[in-house]
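Okay, so here's the structure we're looking at.
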Amino acid sequence: MRLLLIEDDLDLVRILKRDLEKAGYAVDVAHDGIEGEYLGNEGIYALAVLDLGLPQRNGLEVLKNWRNRQNALPVLVLTARDAWYEKVDGFKAGADDYLGKPFHSEELLARISALIHRAHQQPGGQLQVGGLILDENHQRVTTETGLSYELTGLEFKLLRYFLLHPGQVISKSTLAEHIYDFDSDKDSNVIEVYVNHLRRKLGKHRFETRRGQGYVFKEQVE
Amino acid sequence: MKSLQLRLGIGLLISLVSVFMALWWLTSSSIRYLAEEYVASHLAHDAESIIEAAHFEDNNTLELKDDQIEPVYLQPFSGQYYQVISGGHVLRSPSLVDQRLTIPALSPGETRRLYSTGPQQQALIIMAYGYQRQNRTITVAVAEDLSPLLTLISAFQQRYALIALALLLTLITVQALILHSGFHPLKRIQQQIRDLEKGDRSQLDTEVPLEVSTLVAEVNWLLNVLEQRLQRSRNALGDLAHALKTPLTVLQQLAREDALQAHVDICRTLETQTSNMQRIMARVLKRARMAGSGPALAKFDIAQEMPALINVLHTMYRDKQLTIDFASPVTGTVLIDREDMLELTGNLLDNACKWARSRVNLSIAINHKVCLRVEDDGPGVPDADIAHLLQRGTRLDENVSGHGLGLSIAKLIAEQYGGHLKLGRSKTLGGFSAEAILSKTEPL
């Protein structure tokens with residue numbers, strides 16, 4: 001999952017980026033409204049965390065511009081301006097959730113995860129798809145037979161993406177996009193290796209290879 | 001406070017009445033003076049012809065040639081009399097019959113005008129002249145009854161008074177009308193100021209008479225300043241909040257840094273102090289943000305704003321699958337600042353959604369006062385604890401944050417609008433019920 005974090009306070013960005021990456025997200029950062037709006041229109045992000053008090057372009061304006069362009073990117077608004085009328089105005093502008101500063105990282109992570117689930121038509125709580133239960137807090141998966149596996153960072157990122165897109169053909173480059181941020185070296189061979197790790201732990205039949213196209217996560221095993 | 005219009009009216013009335021009375025007096029006395037002068041000159045002629053007719057006989061007796069005397073002096077009590085005196089001799093007109101006039105002896109060339117009551121109570125004017133004839137001093141007095149003239153004059157005075165009175169009344173009416181229309185622009189300003197208080201307008205019309213245009217301009221300027229100042233102080237507080245909250249978030253996160261985990265005391269202090277700061281800031285900022293009731297109030301459109309707010313709460317509590325019912329008998333506007341109304345309703349709804357199992361009711365009733373009730377089907381609060389709820393910062397359940405703060409802010413807002421917050425148990429849903437009653441708002 002690749003997130004866009006638009007926030008101008010460098011210390012807060014450092015902490016949030018670290019916490020978000022620890023939670024298995026690839027994070028790109030924009031420090032002002034104009035850059036943030038541009039990146040948000042790239043169409044590669046699962047969600048944007050948007051501060052409202054941004055230099056150069058106000059966050060609310062960024063949000064309105066996205067919505068005017070029919071950009072349905074899920075947006076979590078992060079702001080010190082948390083009076084009710086500001087919340088109403090924020091939601092009217094097209095926000096999906098609203099988190100007032102100051103906040104704890106746990107709360108932000110919970111909201112992000114809930115918002116991503118919602119965006120993929122999944123109920124809140126733990127991610128349960130095809131008999132697998134993914135514990136996002138502890139990066140652990142449980143199978144229908146009750147076996148639990150600890151996942152490495154990359155395994156977790158891959159599996160979460162598969163679980164959120166069951167039955168869809170996912171190319172290696174899409175997977176790479178959602179695993180690495182701008183600053184990382186992208187290596188699609190690594191993805192092959194880690195998909196094989198997942199197959200070994202959870203069963204080969206769940207991850208089908210479509211030659212030249214990518215992978216499909218099978219919700220129902222024939 | 002005296003009405004300017006009344007004062008002007010009374011002043012004008014007094015001056016009008018004085019002018020009319022002075023005119024009446026002047027005219028009446030002039031008429032009388034002219035009439036008397038006319039009579040006097042006529043009497044002077046008669047005196048001339050009487051002295052011409054007078055002569056002394058050889059035996060020193062005074063005689064008048066009757067043929068030179070006008071016949072009116074011969075009829076008894078005709079109203080015209082003469083009396084000629086020289087030494088011991090007195091000649092009286094036959095019209096006097098047996099009466100006599102009291103005349104002083106005058107030296108030659110002397111003239112005197114006298115008023116006295118003559119025969120049959122006639123008001124006489126007497127002209128007396130002193131002459132020298134044949135080395136003797138003669139005083140000729142001629143008198144005429146003024147009564148017919150006085151009757152005429154008093155009839156004239158009455159007519160004149162009646163006409164003057166009618167004119168006076170007409171003028172007073174005209175002036176009252178002029179005053180009324182002259183003060184009309186002021187009445188309009190008065191009405192506009194009342195509208196201003198009700199929030200129907202934000203500025204006064206500038207098309208007013210020159211005399212009050214400075215005042216109106218000043219009021220408009222003050223209204224602008226007030227509005228700007230409110231806006232500026234709100235913006236300043238918002239900026240302050242933004243400026244402080246981001247560093248506060250960073251500080252809060254610091255306590256969770258791995259490097260600090262070995263120092264439990266430091267972490268705990270950092271956490272306690274940052275959450276203290278957070279609480280204080282939230283309280284102060286929210287209180288300062290409230291506009292309160294005042295002249296330049298905007299209207300709050302219930303039908304437009306409330307569904308948007310409910311939508312926000314639906315989104316925030318999406319996972320709870322809440323049903324939020326909204327009942328408002330009016331699709332009108334209330335005179336409450338939008339930010340205050342949203343803050344009040346938002347806090348009450350947030351609290352209800354936090355505790356509700358599946359249903360929340362929001363209802364607004366308006367009759368002179370605005371009554372806003374929020375109920376939920378949650379566990380509610382025991383009566384004994386309700387009093388504690390409103391003590392700011394008190395939270396019965398520390399895990400669900402903001403419970404006490406939200407309610408105490410709602411209470412502050414309600415009090416700003418001259419109302420109060422009533423807490424209790426919901427009769428329909430069985431859970432908590434909060435009712436805000438705002439009285440300084442007129443439905444329009």
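Among the trypsin sites (Lys or Arg not before Pro) found in the range B:129-227, not one is both in a DSSP coil and sparsely packed, with 11 or fewer other Cβ atoms within 10 Å of its Cβ. Helix content alone sets the calculated 222 nm mean residue ellipticity of the protein assembly as shown: runs of n ≥ 4 DSSP H residues at -39500 (n - 2.57) each, divided across all residues, give -16000 deg cm²/dmol.
Considering only DSSP beta bridges where both residues belong to the protein assembly as shown, give the percentage that are antiparallel (nearest 5).
On the way: 67 of 89 bridges.
Among the beta bridges of the protein assembly as shown, antiparallel pairing accounts for roughly 75 percent.
Taking the Cα centre of the protein assembly as shown as origin and assigning +1 to Lys and Arg Cβ atoms and -1 to Asp and Glu Cβ atoms, the resulting dipole is close to 2120 debye.
State the extension gain, in nm to one decimal, for the chain segment bounded by B:LEU165 and B:VAL97, taking 0.36 nm per residue of separation less the distance between their alpha-carbons. If you can, show how the numbers build up before the last one.
Working: separation 68, 0.36 × 68 = 24.48 nm, distance 4.60 nm.
Stretched out fully, the B:LEU165 to B:VAL97 stretch lengthens by 19.9 nm.
Sorted ascending by nearby beta carbons within 10 Å, beginning with the fewest, A:PHE182, B:PHE77, B:PHE300 become A:PHE182, B:PHE77, B:PHE300. Panel order for B:LEU62, B:LEU26, B:LEU309, A:LEU50, by other beta carbons found within 10 Å of each beta carbon, from fewest to most: B:LEU26, B:LEU62, B:LEU309, A:LEU50. Take the alpha carbon atoms of the range B:68-82, find their center, do the same for the range A:115-154, and report the distance between the two centers in whole angstrom. Each part reduced to its Cα centre gives a spacing of 147 Å. Couplings 3J(HN,Hα) of the range A:103-116, computed from phi: 9, 9, 3, 4, 5, 4, 4, 4, 5, 4, 4, 5, 5, 5 Hz, in residue order, whole Hz [Karplus 6.51 cos²θ - 1.76 cosθ + 1.60, θ = phi - 60°; x for Gly and Pro]. Under the definition of partner shielding as Cβ atoms of other protein chains within 10 Å of a residue Cβ, what is the mean value for peptide B:248-256? The per-residue average across the peptide is 6.
When the trypsin sites (Lys or Arg not before Pro) in the range B:1-83 are filtered for DSSP coil states and for at most 16 other beta-carbon atoms within 10 Å of their beta-carbon, the remaining sites are B:LYS2, B:LYS65. Each of the peptides A:93-102, A:72-81, B:336-345, B:224-233 was scored by the mean count of other Cβ atoms within 10 Å over its residues; in descending order, highest first, they stand as B:336-345, A:72-81, A:93-102, B:224-233.
Relative contact order of the range A:127-217: what whole-number percent is it, with Cα pairs under 8 angstrom and at least 6 residues apart?
Relative contact order comes out at 26 percent.
For the cross-link pairs A:LYS101/B:LYS422; B:LYS198/B:LYS369; A:LYS17/B:LYS354; A:LYS22/A:LYS87; A:LYS64/B:LYS411; B:LYS245/B:LYS422, the ones whose C-alpha atoms lie over 25 Å apart are A:LYS101/B:LYS422; A:LYS17/B:LYS354; A:LYS22/A:LYS87; A:LYS64/B:LYS411; B:LYS245/B:LYS422. Taken about its Cα centre, chain B carries a charge dipole of about 2360 debye when Lys and Arg each add +1 at the Cβ and Asp and Glu each add -1 at the Cβ. When chain A is described by a simple charge dipole with +1 on each Lys and Arg Cβ and -1 on each Asp and Glu Cβ, the residue from A:PHE217, A:LEU5, A:ILE179 located farthest towards its positive end is A:PHE217. Taking 0.36 nm per residue of sequence separation and removing the Cα-Cα distance, the B:VAL264/B:LEU150 pair yields an extension gain of 28.8 nm.
Taken as Cα centroids, the range A:61-92 and the range B:34-48 sit 110 Å apart, rounded to the nearest whole angstrom. The simple spin-label model puts a point 7 Å past each Cα toward its Cβ; for A:HIS120 and B:SER439 those points are separated by 5.8 nm. Averaged over the residues of B:314-326, the number of partner chain Cβ atoms lying within 10 Å of the residue Cβ comes to 2. The loop-placed trypsin sites (Lys or Arg not before Pro) in the range A:144-202, going by DSSP, that have at most 16 neighbouring Cβ atoms within 10 Å of their Cβ come out as A:LYS186. The residue among B:VAL334, B:LEU96, B:LEU34 whose Cα reaches farthest toward the positive pole of the charge dipole of chain B, with charges on the beta-carbon of Lys, Arg, Asp and Glu, is B:VAL334.
Can you sort A:TRP66, B:TRP221, A:TRP84 so the residue with the fewest Cβ neighbours within 10 Å comes first? Don't skip to the end; give the middle numbers.
Working: A:TRP66 21, B:TRP221 11, A:TRP84 24.
Ascending number of Cβ neighbours within 10 Å: B:TRP221, A:TRP66, A:TRP84.
Coordinate-derived values only; no laboratory data. What you are looking at is a predicted structure, and each value in this text was computed from that prediction instead of being measured. A quick note on method: Cβ atoms are made from the backbone with ideal geometry, for glycine too, and the neighbour counts reach across all protein chains shown.
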